[in-house]
Amino acid sequence: MDYDVLVVVGGIARMECALNLADMGYSVLLVEKETSLGGKMVLLSKVFLTLDCASCISSPKTAATFHHPRISLRASSEVEEIRRRDDRRFQVRILKKPTFVHPAKCTGCQDCELACTVALLDHFNEGLVARRAAYIPFPQAVPKKAVIDRAGTSPCTFNCPAGIQGPRLHLARP
């Protein structure tokens, strides 16, 4: 794929940069290692100096970034290599980490999260509370798609308590 600009990490400042470049007519590839946009700002309740609501600032910015026609998002991805080609352009190799959920089929309904019986520490809440192995990172996540943390075979792989049948309908191949 051919893009004019690569923006790495989807925090608030980088989203603003991507939006400005896209509004100028550039095609932008935004690579975010987390499953959703927002960076550290989404963890805050208020932002310093004005004490404005952090989600009131970040939510419109993440939605605008996600829906901009000239911005392509690669969430759960990391830049592995950047190499300069002979034609003075750059070639980038990006590693897409598996989320084990097909993004086009996931509606963000959280049924998989409610049905999941595997508890893990929630990194969004700094490990202070538990979350399920199938989860959406936080309520305002953009994109609002479920992720499954897998280590081996989940106990509900073939017998989901909610009858969702995740392995057959929603899981993408790793």
How much length is gained if the chain between Lys97 and Met24 is pulled fully straight, taking 0.36 nm per residue apart and subtracting their Cα-Cα distance, in nm to one decimal? 23.2 nm
What's the exposure ranking of Leu19, Leu120, going from fewest to most Cβ atoms within 10 Å? Leu120, Leu19
What is region 7-105 by shape, rounded, prolate or oblate, if you read a ≥ b ≥ c off the alpha carbon gyration tensor as root eigenvalues and call it rounded for a/c under 1.5, prolate for a/b larger than b/c, and oblate otherwise? prolate
What is the helix-to-structure angle for 12-23, meaning the angle in degrees between its Cα long axis and the longest Cα principal axis of the chain, kept from 0 to 90 and rounded to the nearest 10? 60
Among Met41, Met15, which comes first, second and so on when ranked by fewest other beta-carbon atoms within 10 Å? Met41, Met15
I'd like to compare 53-60, 7-14, 80-87: which one has the highest average count of other Cβ atoms within 10 Å, and what's the full order after that? 7-14, 53-60, 80-87
I'd like the antiparallel share, as a percent to the nearest 5, of DSSP beta bridges with both residues in region 5-96. 50
Please compute the modelled spin-label separation between Glu80 and Val129, points set 7 Å along Cα→Cβ, answer in nm with one decimal. 3.6
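Coordinate-derived values only; no laboratory data. Bear in mind that the values here come from a model prediction, so they are computed numbers and not experimental data. Using ideal geometry, Cβ is built from the backbone for each residue, glycine included, and neighbour counts are taken over all protein chains shown.
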